[in-house]
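Novice: Please see the structure below; I have some questions.
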Amino acid sequence: MTGLAGDKLLGQRTLLEQIEYTDELTSSGYYYGLRSLPRKEQDPITYERFYDAVHSAVMGARETSKNVAASPGARELGELLFALLTPEGHAVAVSSGLVGHQGAFRIAIRYMAENGYDRNPQIRPGDIFTACDPATTGTPHPGDVYTFVPLFYKDEFIGWAAGMNHTMEAGGAVPGAWPPWSPNTFTDGYLLPPTKVGEDYEDYTWLYKHFERRTRAPMFNILDQKMRVAGCRMVVDSVTEAIDKFGLDYFKDATREIIEETRRICSDNVKLLTVPGRSRFVAFRTVPYAGVVDGVWPQSAKNWLLHLHSEVQIDTREGQVHVNWDKISPANWHAQGGYKGIIESNLWLNVMDTIGLGLKPNSGMNLAVTYDMPEGGLFNPPNDRHSAGNPWASSVALFNCFGGGLEVSKRARGFVEEAWNSDLCWTGIQGEITLKNGFSFGFCQMDLLGASATPARPYMDGEPLGTAWWNPSSDTGSVEEWEYVLPGIYYLSKNVLPSYCGHGRFRGGLGMQLAFAVSDEVQEAIIGKIGASTGNYFTGQASIPGGGYPAPTSTLIVYRQTNILELLRQGEYPGGMAELAEWIESGKLTYTDRELHKEEVGALFVKPGDIYIVAGNATGGWGDPLHRAVDAVALDVKEGFIPASVADRVYGVPVDETGSATESLEAAAEARRAEIRRDREASSVSFEEFWRTEREVVRSGELPQFLTDAYAELNGFSPSFREEFARFWQLDAEEEAQS
């Protein structure tokens with residue numbers, strides 16, 4: 001084996017010393033202390049050719065490796081990422097895909113440095129390190145798995161090739177990739193801190209045996225590991241060729257300049273696109289554990305209401321954005337908290353979609369945004385025993401608020417075309433199926449995960465299935481692909497759901513519905529619903545930037561012991577929720593029981609003949625629905641996007657189911673809207689009256705238990721929340737002490 005190993009991996013410095021050295025230089029406000037960009041300034045053409053070479057390396061690795069060996073989540077939906085990193089773990093170039101994870105890669109590298117990996121087990125050419133432990137690695141949840149391969153050039157360690165993807169099953173207490181019911185890290189799943197799992201670009205056999213014994217989808221997890229290693233090997237080979245062409249000194253200089261260039265452009269965009277100031281938004285997220293986990297995890301046997309508050313502070317003189325999370329809920333014994341990686345990943349994603357325009361995506365973007373997450377906060381737990389099973393569910397809602405702050409600032413600057421309603425939800429289903437032949441497997445079905453509706457903007461409607469800010473290469477995948485992943489589960493429908501959107505002058509894009517029938521090949525199946533971002537509650541910021549209706553939350557409906565299999569054998573095939581409802585009304589479809597769930601569901605037993613329907617991924621509207629163009633409402637009805645009843649009740653446009661009216665539509669709409677406005681006025685109260693009524697409720701303490709608990713938790717954890725709470729409700733010292 002060639003290559004330097006031991007304490008002095010980087011010449012005269014250990015890996016940790018190099019990280020500390022780089023941190024010290026970067027504390028100047030410039031990455032690596034670079035106050036100028038000599039390589040770029042002296043020869044910008046060569047500089048851009050070099051970046052194109054390293055960027056092509058990671059893009060080529062992504063597009064090729066996923067077709068060599070990969071699970072459907074990686075191959076179909078693009079739930080993966082490859083990157084070239086500096087020795088310190090800072091991303092220089094990243095592929096398309098789950099781009100936010102570049103912000104977390106350096107956490108794993110720092111952990112290896114702090115624990116002396118360059119001495120034991122040593123870092124040598126061809127070594128493979130894999131990790132999926134959120135507390136030590138930066139992976140947002142155990143289903144996100146990172147792989148790192150060191151990059152050497154002529155025996156000199158110069159960086160890392162990194163690959164990651166969202167795997168199909170994490171081996172937790174609840175089957176799937178995100179265990180929504182998990183009180184601590186010990187029920188999260190199969191967790192690997194950064195671990196040397198192979199050498200000479202070949203995995204050790206024990207890793208595959210671990211996947212086989214500790215996860216429910218070992219075949220796909222092994223394929224994904226092979227994919228990550230293959231992609232990293234491609235990055236190493238391609239970057240080595242680039243160094244042969246441009247030279248090692250040029251490589252070292254240019255990779256640092258690329259990061260600093262991105263930081264500068266991002267900072268300049270803050271100055272250009274925003275106005276200085278402070279904005280605050282809040283979202284709420286339910287965590288319903290009471291009555292579910294009582295006998296197993298008594299420390300978690302309660303219902304939480306998470307307070308997801310973001311304060312965005314913009315300094316246009318310095319081109320900096322700072323996020324203050326001092327009023328966020330504290331960490332607790334449930335699965336919706338996390339560690340630093342979930343914050344770094346989400347920050348990068350939101351920066352890219354808002355102020356990260358016209359730049360080379362890399363770690364320089366993170367340097368333009370700073371944040372405070374208090375110790376003990378939801379994503380900065382007081383110890384490493386807390387769960388990180390399902391942090392996306394709460395963090396997406398939290399970062400909707402961050403996006404709302406940037407959106408308001410950009411709109412104030414006059415960039416209306418850059419404004420959008422950041423109220424985005426997401427949903428996924430996961431579980432475990434046992435066939436009658438005894439074969440059992442776990443899964444994470446990602447149709448709903450890969451794409452959401454685009455949000456409404458102040459000038460246009462949203463579109464269905466067009467975005468996912470957590471994966472800019474959004475895709476729902478194909479039914480044919482997912483059917484072989486889920487033997488025994490038949491697709492009944494996969495399409496948009498009429499009227500499933502946030503309404504407004506411009507409406508959000510329609511969300512999607514999936515309907516499945518459990519076949520008689522199945523002995524039993526456990527299927528859960530996760531994500532949904534908001535649980536039973538909307539993201540409170542949704543109606544503030546644009547004044548529209550918020551996105552509807554996700555919905556799960558289960559029909560038990562139906563005759564659907566008999567109907568399918570007769571050639572009958574429903575087209576979705578609406579047609580199933582018609583079949584039920586006519587008596588064509590029969591069932592013994594119907595369940596409706598708005599909250600997350602960790603696991604439901606389903607059996608042959610059951611129908612499982614889930615809807616999600618809608619977005620919020622923009623502006624008052626009564627301001628929507630009348631002909632646009634009529635067209636929505638005609639196209640089947642909304643029913644006539646919604647056109648009349650919400651938009652004030654009285655039309656029939658064809659979108660037509662028996663009289664002048666404009667005149668009829670004007671009269672109907674005037675009626676709605678009178679009803680609004682009659683049922684409204686002044687803010688002063690509302691405040692006084694609610695103040696008495698607060699003072700009396702006559703609140704639902706989960707809300708009383710939420711206030712008590714926040715008042716005990718966050719001094720700033722307590723102070724503002726008491727000031728807003730004008731509580732005296734005794735009342736404040738009791739609150």
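Novice: For the condition at pLDDT 90 or above, closer than 30 Å to G171 by Cα, under 19 Å from the mean Cα position of the chain (by Cα) and not assigned by TED's automatic domain parsing to the domain that holds G73, what is the one hit in A393, A397, A388?
Specialist: Selected residue: A388, the only one of A393, A397, A388 that is at pLDDT 90 or above, closer than 30 Å to G171 by Cα, under 19 Å from the mean Cα position of the chain (by Cα) and not assigned by TED's automatic domain parsing to the domain that holds G73.
Novice: Pick out the one residue from Q336, Q313 that is modelled with pLDDT of 95 or more, in contact with a Lys or Arg (Cβ under 7 Å, 6 or more places away or on another chain) and not assigned by TED's automatic domain parsing to the domain that holds T187.
Specialist: Among Q336, Q313, only Q313 is modelled with pLDDT of 95 or more, in contact with a Lys or Arg (Cβ under 7 Å, 6 or more places away or on another chain) and not assigned by TED's automatic domain parsing to the domain that holds T187.
Novice: Answer yes or no: is there a residue in the stretch 346-354 that is outside the structural domain of D23 (by TED's automatic domain parsing), surrounded by fewer than 24 Cβ atoms within 10 Å (Cβ to Cβ) and farther than 21 Å from P455 by Cβ.
Specialist: Scanning the stretch 346-354, I find no residue that is outside the structural domain of D23 (by TED's automatic domain parsing), surrounded by fewer than 24 Cβ atoms within 10 Å (Cβ to Cβ) and farther than 21 Å from P455 by Cβ, so the answer is no.
Let's see how each residue does on (1) touching a helix residue (DSSP H, G or I) at 6+ places or on another chain (Cβ under 9 Å); (2) at pLDDT 85 or above:
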residue: Y371; (1), (2): yes, yes
residue: E375; (1), (2): no, yes
residue: F402; (1), (2): yes, yes
residue: K410; (1), (2): yes, yes
residue: L424; (1), (2): yes, no
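Novice: Name the residues in the stretch 315-345 that are surrounded by 24 or more Cβ atoms within 10 Å (Cβ to Cβ) and farther than 28 Å from G602 by Cα, would you?
Specialist: Result: V321, single match.
Novice: Would you mind finding the one in V633, V698 that is in contact with a Ser or Thr (Cβ under 8 Å, 6 or more places away or on another chain) and assigned to a helix (DSSP H, G or I)? Break it down stepwise before answering.
Specialist: On the way: V633 fails: in contact with a Ser or Thr (Cβ under 8 Å, 6 or more places away or on another chain).
Sole residue among the options that is in contact with a Ser or Thr (Cβ under 8 Å, 6 or more places away or on another chain) and assigned to a helix (DSSP H, G or I): V698.
Novice: Tell me, which strands (runs of 3 or more DSSP E) wholly within the stretch 48-139 include 1 or more residues that are among the hydroxyl-bearing types (S, T, Y) and within 16 Å of R233 (Cα to Cα)?
Specialist: 128-131
Novice: Filter the stretch 113-123 for residues that are out of contact with any strand residue (DSSP E or B) (no Cβ under 7 Å at 6 or more places or on another chain) and either closer than 15 Å to L80 by Cα or surrounded by 20 or more Cβ atoms within 10 Å (Cβ to Cβ) (or both) and give the result.
Specialist: Taking the stretch 113-123 as the starting set, the residues that turn out to be out of contact with any strand residue (DSSP E or B) (no Cβ under 7 Å at 6 or more places or on another chain) are 113-120, 122.
Hits for the stretch 113-123 are A113, Y117, D118.
Novice: Suppose we filter A108, A91, A57 for residues that are at pLDDT 95 or above and under 15 Å from T195 (Cβ atoms); which single one remains?
Specialist: A108
Novice: Let me ask something additional. Answer with yes or no whether M164 is buried (at least 24 other Cβ atoms within 10 Å of the Cβ), part of a strand (DSSP E or B) and of a type outside the set (S, T, N, Q).
Specialist: So M164 passes the test.
Novice: Can you confirm whether the stretch 235-257 contains a residue that is under 17 Å from P142 (Cα atoms) and in contact with a helix residue (DSSP H, G or I) (Cβ under 9 Å, 6 or more places away or on another chain)? Even if it seems obvious, please write down each step before you answer.
Specialist: Quick first cut of the stretch 235-257, residues under 17 Å from P142 (Cα atoms) only: none.
The answer is no, given that none of the residues of the stretch 235-257 is under 17 Å from P142 (Cα atoms) and in contact with a helix residue (DSSP H, G or I) (Cβ under 9 Å, 6 or more places away or on another chain).
Novice: From (1) modelled with pLDDT of 95 or more; (2) surrounded by fewer than 24 Cβ atoms within 10 Å (Cβ to Cβ); (3) more than 27 Å from A57 (Cα to Cα), pick out the condition that doesn't hold for I158.
Specialist: Among (1) modelled with pLDDT of 95 or more; (2) surrounded by fewer than 24 Cβ atoms within 10 Å (Cβ to Cβ); (3) more than 27 Å from A57 (Cα to Cα), I158 violates only (3).
Novice: A further question follows. Can you name every residue in the stretch 475-517 that is β-branched (V, I, T) and either crowded, with 20+ Cβ neighbours inside 10 Å or in contact with a Gly (Cβ under 8 Å, 6 or more places away or on another chain) (or both)?
Specialist: T476, V485, I489, V496
Novice: Can you tell which of G138, G103 is assigned by TED's automatic domain parsing to the domain that holds G231, closer than 21 Å to H55 by Cβ and buried (at least 23 other Cβ atoms within 10 Å of the Cβ)? Walk me through it before giving the result.
Specialist: Details: G138 fails: closer than 21 Å to H55 by Cβ.
Every option except G103 fails the conditions.
Novice: Among residues belonging to the stretch 510-548 that are assigned to a loop (DSSP other than H, G, I, E, B) and at pLDDT 90 or above, point out the one that is nearest to D461 (Cα to Cα).
Specialist: Here the answer is L510.
Novice: OK, next. Quickly run through the stretch 559-605 and pick out the residues that are under 30 Å from A335 (Cβ atoms), crowded, with 21+ Cβ neighbours inside 10 Å and modelled with pLDDT of 95 or more.
Specialist: Across the stretch 559-605, the qualifying residue is only Y559.
Novice: I've got another one for you. For E675, are the conditions met, namely being part of a helix (DSSP H, G or I) and either free of Cβ contacts under 8 Å to residues at least 24 places away in the same chain or in contact with a Cys (Cβ under 8 Å, 6 or more places away or on another chain) (or both)? It would help to see each step written out before you state the result.
Specialist: Details: part of a helix (DSSP H, G or I): yes; either free of Cβ contacts under 8 Å to residues at least 24 places away in the same chain or in contact with a Cys (Cβ under 8 Å, 6 or more places away or on another chain) (or both): yes.
Spelling it out, E675 is indeed part of a helix (DSSP H, G or I) and either free of Cβ contacts under 8 Å to residues at least 24 places away in the same chain or in contact with a Cys (Cβ under 8 Å, 6 or more places away or on another chain) (or both).
Novice: OK, next. If only one of A173, A177 is within 19 Å of G450 (Cβ to Cβ) and either crowded, with 24+ Cβ neighbours inside 10 Å or out of contact with any Cys (no Cβ under 9 Å at 6 or more places or on another chain) (or both), which one is it? Let's see the steps before the verdict.
Specialist: Values: A173 fails: within 19 Å of G450 (Cβ to Cβ).
Checking each option against the conditions leaves just A177.
Novice: Further question: Do the conditions hold for Y32, that is, is it at positive phi, surrounded by fewer than 24 Cβ atoms within 10 Å (Cβ to Cβ) and modelled with pLDDT of 95 or more?
Specialist: Details: at positive phi: yes; surrounded by fewer than 24 Cβ atoms within 10 Å (Cβ to Cβ): yes; modelled with pLDDT of 95 or more: yes.
The answer is yes for Y32.
The values are calculated or read from the model by the stated rules, or taken from the named source; none is laboratory data. Since we're looking at a predicted model, the values are computed, not measured. Quick reminder, even Gly has a Cβ in these numbers, built from the backbone with ideal geometry, and neighbours come from all protein chains shown.
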